[in-house]
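The values are calculated or read from the model by the stated rules, or taken from the named source; none is laboratory data. Values in this document were obtained by computation on a predicted structure and should not be read as measured data. Virtual Cβ from ideal backbone geometry, glycine too; neighbours counted across all protein chains shown. Ligands, DNA and RNA are stripped out before the accessible areas are found, and what is left, the full protein with its side chains, is counted by its heavy atoms. Shrake-Rupley method; radii C 1.70, N 1.55, O 1.52, S 1.80 Å.
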Amino acid sequence: MSWSVGDVARLAGVTVRALHHYDDIGLLSPSGHTASGHRRYDEADLQRLQQLMFYRELGFPLDQVAALLDEPDGDPFERLARQHALLEERAARLQGMADAVARTIQARRAGITMTPEEMFEVFGDFDPTRYADEAEARWGQTEAYRQSRARTSTYGKDDWLRIQAESAKVNERFLAAMTAGQPPGGDAGMDAAEVHRRHISRNFYDCGYDVHRGLAQMYIADERFTKTYEDLAPGLAQYVHDAILANAERAAS
């Protein structure tokens, strides 16, 4: 079988002009011509065109494509394997770019305006936007969510590093009180809870005592939040919960 230049253009999704150019530069010359001089391409020509298009898709210039296709004693199966490896490499690179864009979109929705590189500097492998959609669905209509979005949208890398350091110090206070055997309702536990509440109010949203109680419940009801504390020390999530409730009672009395 043989195909006209128009047939090949439709099959391959290229222009007739491109096929003419490939012929003119000796990159893809048809194996035959009609009596009237029209180009006719056979199956081998189409296979060469497929390989040509692979390399063009990968960004190789035409002179390099010609060298790759015309290498002496080239094994066609080895060439296909090389093309496959190159395509997989490009696919991985594009997927990485797509993931970075997706994280940036999620970060903007969550009110984080840092670049992906800055986010990695601050959070490492942890993705702070992982639950952005869930948070918006659960609390998107609340004043606390609106306040948090408004504040965090102004934060840069240094702000997030400061907030992380403050949060770590709060957790250290809870952990020190529990390790020392102080009850969550003692001064050390309640004072840590108050520092925790003020940390949230200062950096994210107005955290009154009722809101703080709700957070305390979430820390033991949602295993994701529980794990954050349990990774520091077994029993710390319950300790933080109890200290927050005790501190709210102290404030009410």
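Quick look at the numbers
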item	result
Close pairs from the range 150-176: first without any contact (Cβ under 8 Å) to a residue 24 or more places away in the chain, partner surrounded by 14 or more Cβ atoms within 10 Å (Cβ to Cβ), Cβ under 7 Å, at least 6 apart	173/192; 173/195
Qualifying positions in the range 1-20 - under 18 Å from residue 56 (Cα atoms) and part of a helix (DSSP H, G or I)	8, 9, 10, 11, 12, 16, 17, 18, 19, 20
Top-ranked residue in the range 78-99 [being under 17 Å from residue 52 (Cβ atoms), open to solvent by 70 Å² or more (accessible area, probe 1.4 Å) and not charged (D, E, K, R); ranked as modelled with the lowest pLDDT]	80
Breaking point among (1) assigned to a helix (DSSP H, G or I); (2) at pLDDT 75 or above, for residue 102	(2)
Hey, residue 13 more than 17 Å from residue 70 (Cα to Cα) and surrounded by fewer than 12 Cβ atoms within 10 Å (Cβ to Cβ) or not	yes
Selected residue (criterion: farthest from the chain's Cα centre (by Cα)) from residues of the range 16-48 that are within 24 Å of residue 64 (Cβ to Cβ) and basic (Lys, Arg)	17
